[in-house]
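**Student:** Structure in structure tokens, see below.
The values are calculated or read from the model by the stated rules, or taken from the named source; none is laboratory data. Nothing here was measured: the structure is a model prediction, and the numbers come from that model. Cβ: placed from backbone, ideal geometry, glycine included. Neighbour counts: every protein chain shown. Please note that ligands, DNA and RNA were not included when accessible areas were found on the heavy atoms of the full protein model with its side chains. Shrake-Rupley method; radii C 1.70, N 1.55, O 1.52, S 1.80 Å.
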Amino acid sequence: MSEKEFLTKAYAQKLDSEDELKQYRNEFYLQTGTIYFDGNSLGLLSRRAEQALHNVLESWKTYGIDGWLKGENPWFYLPEKLGEMTAPLIGAKPEEVIVTGSTTINLHQILSTFYQPEEKKTKILADELNFPTDIYALKSQLNIRGLNPDEHLVQVKSRDGLTIREEDIIEAMTDEVALIVLAGVLYRSGQILDMKRITEEAHKRGIIVAFDLCHSIGSIPHSLSEWGVDFAFWCSYKHLNGGPGAVAGIYVNETHFGANPGLAGWFSSDKDKQFDMEHDLTPAPTAGAMQMGTPNLLSAAPLLGSLSMFADAGIEKIRTKSLKLTDYMLDLINIELSCFGFKIGNPLDAVRRGGHVFLEHEEAARICKALKDNGVIPDFRTPNGIRLAPVALYNTFEEVREVVQILKKIMEEEQYKKFENKRDVVA
Ligand SMILES: *Cc1c(COP(=O)(O)O)cnc(C)c1O
């Protein structure tokens, strides 16, 4: 195939016609005239998710309080059921996963329960590129225990401002480290960390490991049980399409079952004992012990629908398409945008590349505004990053091509100069 042919709309359409997952696009609410490339910040609403929410409202309407045990999805068991539905996405056993809380709360719960500083082993190892909320949680947990974060939080440095080298993480695993918290996929560059290797090396040194899967769940496959990962946590509103503020998730490796939750509540209980109303907690013998109070059922319900799509499509196929989309996009960027000062900030190697493309440009903030003005929804990450996420379940190759064409036009016509080079409140 010639380069000329590669650049044509016909070629993009051919890729779309060969796409095994193409029928899922029809299940989503897409805005006409808009190309949505922000599914890694907030995934779109599907008809299945909408229906699932309606079903839970319907059971409230029909059963009142009895909805806890009646209907198609009794509320009392919904967090466990959703955990079971999530398990294949992360390679976990059903009882190792519970849908509860939020990313930040779940990290607090993991730390409260499993971070046990002892003698010399007191430090928490993270990295300097992680999302702020994770770092705030780590520092506050240290403060609560009277440990100074300046001394007890170690953040592995990035050599290039975009990625973290596993060698550097391993080198920082000293005998003073008790616990490691890292992202599975970095939120800016989209780098995939080698979770298997990090876990193996940590375990050799008696260190436990937790991964933040916010940008990896629903986007890449994981084998957490096989890799022996101790804990993981994630949100459900990005690639999982659970809706704004959707209930998040926790994975606890079964070797850690039976621990008393650091932040306990009656929903941490063994389900058969919960309504005995005793004042001594009997924690659930599963990841369910990480729950606290009454689940936010209306924010969990859409996941019933959206996770069923993942079950049907299969995470392997989703990953295959996602890589094709980003490969195609990167090739087009290299050909069409080479003279406009963009730098590709995501890893190129498929083993290290997550679900989005990360472009750096000094005018990034206002290029994003110009993209929105042209009907493309990207997101801006300070100071100079443009994230573009073609999502396997609902984006197309034709859209990828269109976005690159629009970017080219914006640069050629210097359309971005109409806007201020500043981020909005929510970028
Ligand atoms: C999106 C994201 C969060 C968000 O935390 P919430 O508690 O859901 O607001 C946390 N960590 C990472 C790495 C994220 O990408």
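**Student:** Take the residues in the stretch 11-69 that are part of a helix (DSSP H, G or I) and within 19 Å of Ser219 (Cβ to Cβ); name whichever of them is nearest to the chain's Cα centre (by Cα).
**Tutor:** Ala49
One line per residue, one yes/no per condition, for (1) more than 29 Å from Ile318 (Cβ to Cβ); (2) of a type outside the set (Ser, Thr, Tyr):
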| residue | (1), (2) |
| --- | --- |
| Tyr77 | no, no |
| Val97 | no, yes |
| His152 | yes, yes |
| Ser158 | no, no |
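**Student:** Shifting gears a bit: If you take the residues in the stretch 301-325 that are of a type in the set (Gly, Ala, Ser) and farther than 17 Å from Val185 by Cβ, which one is surrounded by the most Cβ atoms within 10 Å (Cβ to Cβ)?
**Tutor:** Ranking the candidates gives Ser306 first.
**Student:** If I ask for residues that are within 16 Å of the ligand (Cβ to nearest atom) and in contact with a helix residue (DSSP H, G or I) (Cβ under 9 Å, 6 or more places away or on another chain), which ones from the stretch 37-67 would you list?
**Tutor:** Scanning the stretch 37-67 gives a single hit, Gly43.
**Student:** Within the stretch 90-112, which residues are in a helix (DSSP H, G or I) and within 16 Å of the ligand (Cβ to nearest atom)?
**Tutor:** Hits for the stretch 90-112 are Ile90, Thr103, Thr104, Ile105, Asn106, Leu107, His108, Gln109, Ile110, Leu111, Ser112.
Results for (1) touching a helix residue (DSSP H, G or I) at 6+ places or on another chain (Cβ under 7 Å); (2) more than 25 Å from Arg48 (Cβ to Cβ), shown as yes or no for each residue.
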| position | (1), (2) |
| --- | --- |
| Arg205 | no, yes |
| Gly218 | yes, no |
| His222 | yes, no |
| Glu226 | no, yes |
| Ser236 | yes, no |
| His256 | yes, yes |
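**Student:** Let me ask another. Going by the conditions given, is Glu50 free of Cβ contacts under 8 Å to residues at least 24 places away in the same chain and on the phi < 0 side of the Ramachandran plot?
**Tutor:** Judged against the criteria, Glu50 is not a match.
**Student:** Something else: Take the residues in the stretch 118-133 that are within 16 Å of the ligand (Cβ to nearest atom) and charged (D, E, K, R); name whichever of them is least open to solvent (accessible area, probe 1.4 Å).
**Tutor:** Restricting to residues being within 16 Å of the ligand (Cβ to nearest atom) and charged (D, E, K, R), the top hit is Asp127.
**Student:** On to the next question. In the stretch 302-350, which residues are touching a strand residue (DSSP E or B) at 6+ places or on another chain (Cβ under 8 Å), of a type in the set (A, V, I, L, M, F, W, C) and in a loop (DSSP other than H, G, I, E, B)?
**Tutor:** Hit for the stretch 302-350 is Phe342, nothing else.
**Student:** Output the residue which, of all residues in the stretch 389-425 that are under 23 Å from the mean Cα position of the chain (by Cα) and part of a helix (DSSP H, G or I), is surrounded by the fewest Cβ atoms within 10 Å (Cβ to Cβ).
**Tutor:** Glu399
**Student:** Another question, if that's okay. May I ask you to say which residue of Ala172, Ala202, Ala178 is more than 11 Å from the ligand (Cβ to nearest atom) and within 23 Å of the chain's Cα centre (by Cα)?
**Tutor:** Ala202
**Student:** Taking the condition of being more than 16 Å from the ligand (Cβ to nearest atom) and of a type in the set (Gly, Ala, Ser), how many residues in the stretch 139-161 meet it?
**Tutor:** 2
**Student:** I'm trying to understand the selection: among the residues of the stretch 252-267, which are of a type in the set (A, V, I, L, M, F, W, C) and outside any loop (DSSP other than H, G, I, E, B)?
**Tutor:** Val252, Trp266, Phe267
**Student:** Take the residues of the stretch 235-274 that are at positive phi and buried (at least 24 other Cβ atoms within 10 Å of the Cβ): which is nearest to the ligand (Cβ to nearest atom)?
**Tutor:** Top of the filtered list is Gly243.
**Student:** Go over the candidates Tyr115, Tyr136 one by one and state the one that is away from the ligand (no atom under 16 Å from the Cβ) and among the aromatic types (Phe, Trp, Tyr).
**Tutor:** None of the other options fit; the residue is Tyr115.
**Student:** What are the pairs with Cβ atoms under 6 angstrom where one residue, in the stretch 93-119, is in the same structural domain as Arg145 (by TED's automatic domain parsing) and without any contact (Cβ under 8 Å) to a residue 40 or more places away in the chain and the other, located anywhere, is assigned to a helix (DSSP H, G or I) and away from the ligand (no atom under 16 Å from the Cβ)? Sequence gap at least six, or different chains.
**Tutor:** Every condition considered, the pairs that remain are Pro94/Glu84; Pro94/Ala87.
**Student:** Determine whether the stretch 397-406 contains at least one residue that is of a type in the set (A, V, I, L, M, F, W, C) and under 25 Å from Tyr237 (Cβ atoms).
**Tutor:** yes
**Student:** Is it the case that the stretch 72-81 has a residue that's closer than 29 Å to Lys273 by Cβ, in contact with a strand residue (DSSP E or B) (Cβ under 7 Å, 6 or more places away or on another chain) and open to solvent by less than 60 Å² (accessible area, probe 1.4 Å)?
**Tutor:** yes
**Student:** Would you be able to say whether some residue in the stretch 361-375 is within 19 Å of the chain's Cα centre (by Cα), open to solvent by less than 10 Å² (accessible area, probe 1.4 Å) and either in contact (Cβ under 8 Å) with a residue 24 or more places away in the chain or within 17 Å of Ser189 (Cα to Cα) (or both)?
**Tutor:** No, every residue in the stretch 361-375 fails to be within 19 Å of the chain's Cα centre (by Cα), open to solvent by less than 10 Å² (accessible area, probe 1.4 Å) and either in contact (Cβ under 8 Å) with a residue 24 or more places away in the chain or within 17 Å of Ser189 (Cα to Cα) (or both).
**Student:** Let me ask another. When Ser338 is evaluated against the numbered criteria (1) hydroxyl-bearing (Ser, Thr, Tyr); (2) open to solvent by 40 Å² or more (accessible area, probe 1.4 Å); (3) within 19 Å of Asn40 (Cβ to Cβ), which criterion, by number, is the only one it fails?
**Tutor:** (3)
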